[in-house]
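The values are calculated or read from the model by the stated rules, or taken from the named source; none is laboratory data. Keep in mind that what you see is a predicted model, and the values were worked out from it rather than measured. Positions of Cβ are generated from backbone atoms using ideal geometry, with glycine treated the same way; all protein chains shown enter the neighbour counts. The area values use the complete protein model at the heavy-atom level, side chains included, leaving out ligands, DNA and RNA. Shrake-Rupley method; radii C 1.70, N 1.55, O 1.52, S 1.80 Å.
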Amino acid sequence: MSMYRRLFVPGGTYFFTAHLQDPRADTLVTHIDVLRQSVRLARKRWPFVIEAAVVLPNVTHMIWTMPQDDADFSKRWRLIKSTFSRHVPAPAYEPPSKARRGEKGIWQRRFWEHLIKDGEDFDTHLRLIRDAPVAKGLVGQSTDWPYSSFSTHRSKAKQLA
């Protein structure tokens, strides 16, 4: 079994990437309201601040700042991913390894995190989030992607969380 070393820093700011199992899927944007509700539930149960976010068809990138007395981002991601998975249809293909463990096979098992070191590091990851829809060829300008904290097309009622 792999040993993952995570830096748990209470009050820390982190960049996260979470992928769907199927890189061709568009589940995150077709079920954006379920994802939004999953994030809201996690924030209600275990508060954190979303500094920036983008939801692409099969991946999401977010920058979170954790509370001063808490660094357990893993439980928050577990709740987001499990809530989302319970409320969307199962994919057409379920990998045998996921089926054996009783998983629905929507998300990759883990997520990637990076502890933001300083203002320059924060700005670098903020640009990555801002530019992701353009880099993936989804829109010509980042402000045109509706599932981003940089979108000019987002209404207050449709914010990610």
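The set of residues in the stretch 42-58 being within 16 Å of residue 127 (Cα to Cα) and open to solvent by less than 30 Å² (accessible area, probe 1.4 Å) consists of 52, 53, 54, 55, 56. Within the stretch 125-139, the set of residues being more than 16 Å from the chain's Cα centre (by Cα), surrounded by 14 or more Cβ atoms within 10 Å (Cβ to Cβ) and in a helix (DSSP H, G or I) comprises just one member, 134. When the residues of the stretch 23-40 are filtered to those that are open to solvent by 50 Å² or more (accessible area, probe 1.4 Å) and not β-branched (Val, Ile, Thr), the one that is farthest from residue 80 (Cα to Cα) is 24. Taken together, 9, 49, 59 contain a single residue that is within 23 Å of residue 144 (Cβ to Cβ) and either under 12 Å from the mean Cα position of the chain (by Cα) or not small (Gly, Ala, Ser) (or both), which is 59. Of all residues in the stretch 17-58, those being under 14 Å from residue 108 (Cα atoms) and hydrophobic (A, V, I, L, M, F, W, C) number 4.
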